[in-house]
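Okay, so here's the structure we're looking at.
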Amino acid sequence: MTITYFGYGSLVNLDTLPARADATPGKLKGWVREWRVCGKGSDGQGRCALSIREDPEKEIWGVMVREPRAGLEDLERREKRYRKVGSLGVSFRCDTAQSEGPEDLFVFVAAPEHYRWGTESHPILQSYLDCVLAGFHRLWGKDGIEHFLETTEGWHVPVLRDRHAPVYPRAVSLDDTVRDAIDAATQSHGLSFIGPR
């Protein structure tokens with residue numbers, strides 16, 4: 001028995017997936033990303049993560065992930081500030097075969113109690129953003145980074161510089177090429193950074 005879900009943020013980074021997970025790049029029609037999940041980590045640091053909301057005019061890139069059902073508990077723990085929305089297979093298109101996803105494809109969206117825009121007290125963690133953008137770069141190159149920046153709402157939310165002392169628990173190492181691509185793209189999109197340089 002397996003579960004199948006669509007990842008649109010950190011789940012796009014294949015290094016954060018379980019060893020037995022299989023990821024298929026593709027597109028989800030009718031949804032848009034936004035920086036609108038707020039909470040505090042075990043260290044007390046407020047943070048803002050990604051969610052999605054329905055928008056019939058939009059389409060986002062991401063991955064369809066299939067893994068054994070035994071992994072659901074760990075997945076739900078990882079996505080603790082979210083709720084599941086199901087039956088989205090018809091909205092998904094695989095990049096290579098242009099086929100739909102399974103009928104039971106689900107996605108995580110913000111739980112109501114965490115659904116609010118980030119702020120200076122709940123900023124985007126740069127280590128989280130790096131993880132997400134490195135995943136998009138790995139699958140789609142610089143086009144992936146640009147797509148993410150252009151199809152995500154909420155760039156008024158500040159980004160906390162924590163790259164050199166990551167707060168995000170699934171922080172990844174960046175090689176020079178990826179880091180430079182991320183920095184050039186985020187600078188050109190006018191993101192606001194806070195914290196020590």
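Overview of values
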| quantity | calculated |
| --- | --- |
| Residues (part of a strand (DSSP E or B), closer than 15 Å to I124 by Cβ and either of a type in the set (S, T, N, Q) or open to solvent by 20 Å² or more (accessible area, probe 1.4 Å) (or both)) located in the stretch 1-48 | R36, K40, R47 |
| Near pairs, Cβ below 6 angstrom, 6+ apart or cross-chain, from the stretch 66-77 (surrounded by 11 or more Cβ atoms within 10 Å (Cβ to Cβ)) to any residue that is among the hydrophobic types (A, V, I, L, M, F, W, C) | E67/A21; L72/I3 |
| Test: R163 is assigned to a strand (DSSP E or B), in contact (Cβ under 8 Å) with a residue 12 or more places away in the chain, open to solvent by 40 Å² or more (accessible area, probe 1.4 Å) and not β-branched (V, I, T) | no |
| From the options P169, P112, residue that is over 16 Å from W35 (Cα atoms), surrounded by fewer than 18 Cβ atoms within 10 Å (Cβ to Cβ) and not charged (D, E, K, R) | P169 |
| Test result for D180, modelled with pLDDT of 95 or more and either surrounded by fewer than 19 Cβ atoms within 10 Å (Cβ to Cβ) or in contact with a Gly (Cβ under 8 Å, 6 or more places away or on another chain) (or both) | yes |
| Those residues of the stretch 121-177 which are within 14 Å of the chain's Cα centre (by Cα) and among the polar types (S, T, N, Q), in sequence order | Q126, S127, T151, T152 |
| Residue check, R81 over 21 Å from F193 (Cβ atoms), touching an Asp or Glu at 6+ places or on another chain (Cβ under 9 Å) and at pLDDT 95 or above | yes |
| Pairs where the first residue, in the stretch 185-197, is closer than 14 Å to C48 by Cβ and the second is open to solvent by 60 Å² or more (accessible area, probe 1.4 Å), C-beta under 7 Å, 6+ apart | I194/E120 |
| Residue match in the stretch 129-136 (condition: open to solvent by less than 40 Å² (accessible area, probe 1.4 Å) and farther than 17 Å from Y8 by Cβ) | no |
| In the stretch 94-104, the residues that are more than 13 Å from I3 (Cβ to Cβ) and open to solvent by less than 90 Å² (accessible area, probe 1.4 Å) | C94, D95, A97, S99 |
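The values are calculated or read from the model by the stated rules, or taken from the named source; none is laboratory data. What you see is a predicted model; the values in this text were computed from it and never measured. Here the Cβ is made from the backbone with ideal geometry for all residues, glycine too, and neighbour counts use every protein chain on show. These accessible areas exclude ligands, DNA and RNA; they are computed on the full protein's heavy atoms, side chains included. Shrake-Rupley method; radii C 1.70, N 1.55, O 1.52, S 1.80 Å.
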